[in-house]
1. Compute the Cα gyration tensor for the range 67-124, then decide on rounded, prolate or oblate, letting a ≥ b ≥ c be the square roots of its eigenvalues: rounded whenever a/c is under 1.5, prolate when a/b is larger than b/c in the other cases, and oblate in all that remain.
2. Could you work out [θ]222 nm for the chain from helices alone, using -39500 (n - 2.57) per DSSP H run of at least four and dividing by all its residues? Round to the nearest 500 deg cm²/dmol.
3. Any idea how many Lys pairs in the range 1-121 come in under 23 angstrom at the alpha carbon, given 8 or more places apart or on separate chains?
4. Name the long-range amide H neighbours of H93: under 5 Å, sequence gap of 5 or more, or other chain; modelled H, no Pro or chain starts.
5. What nm distance separates the two modelled labels at A68 and S101, each placed 7 Å from Cα along Cα→Cβ?
6. What does a probe at V82 reach in the range 91-117, counting residues whose amide N is under 11 Å from the point 7 Å along Cα→Cβ?
7. With axes computed from alpha carbons, what is the tilt in degrees of helix 5-19 against the longest principal axis of the chain, rounded to the nearest 10 within 0 to 90?
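Please treat every number below as a calculation from the coordinates, not as lab data. Note that the coordinates shown come from a computational prediction; the quantities given were computed from them, not determined experimentally. Counting neighbours? That spans all protein chains shown, and the Cβs are built from the backbone with ideal geometry, glycine included.
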Amino acid sequence: MAIDYDEIAASALEAINEAGQEVVVHRKAAPGPFVPGQPVTPAMVDYPGTGALVGYKQRDIDATKIMAGDQRLLLAPQIETVPDTTCTVTAMHLGKLTTFSVKDVGAVGPAGRPVLYKLQLRGA
């Protein structure tokens with residue numbers, strides 16, 4: 001019996017859509033052209049996605065890797081970029097739009113195909 005990874009991914013997306021919210025992953029893009037006398041600032045590219053923001057349990061907070069206030073984002077893999085620790089994420093948290101830095105990224109991916117990204121976020 002073959003495992004249907006498309007079905008697993010669809011189930012994960014359905015669960016995240018039910019419990020989640022819209023989030024935006026921000027990634028720095030290559031800077032624009034150099035213009036003498038002008039500062040060179042990298043542009044930001046936004047990638048919208050769907051994710052469920054959940055807190056860590058008290059027993060998981062060790063004050064070294066996971067700090068008090070850190071959040072876990074369960075992100076649907078149907079996003080146009082693979083997030084990494086250079087990204088930031090904007091999501092609704094406690095009733096206000098908050099930007100978080102990404103501290104760690106993991107993927108749940110049977111057979112190398114991600115069906116869910118797990119991001120550790122820290123308030124920026």
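1. Prolate shape, in that a/c is at least 1.5 and a/b is the bigger ratio.
2. That comes out to -4000 deg cm²/dmol.
3. Going through the range 1-121 pair by pair, I get 10.
4. T98
5. Simple spin-label model gives 2.0 nm for this pair.
6. 107, 112-114
7. 70 degrees
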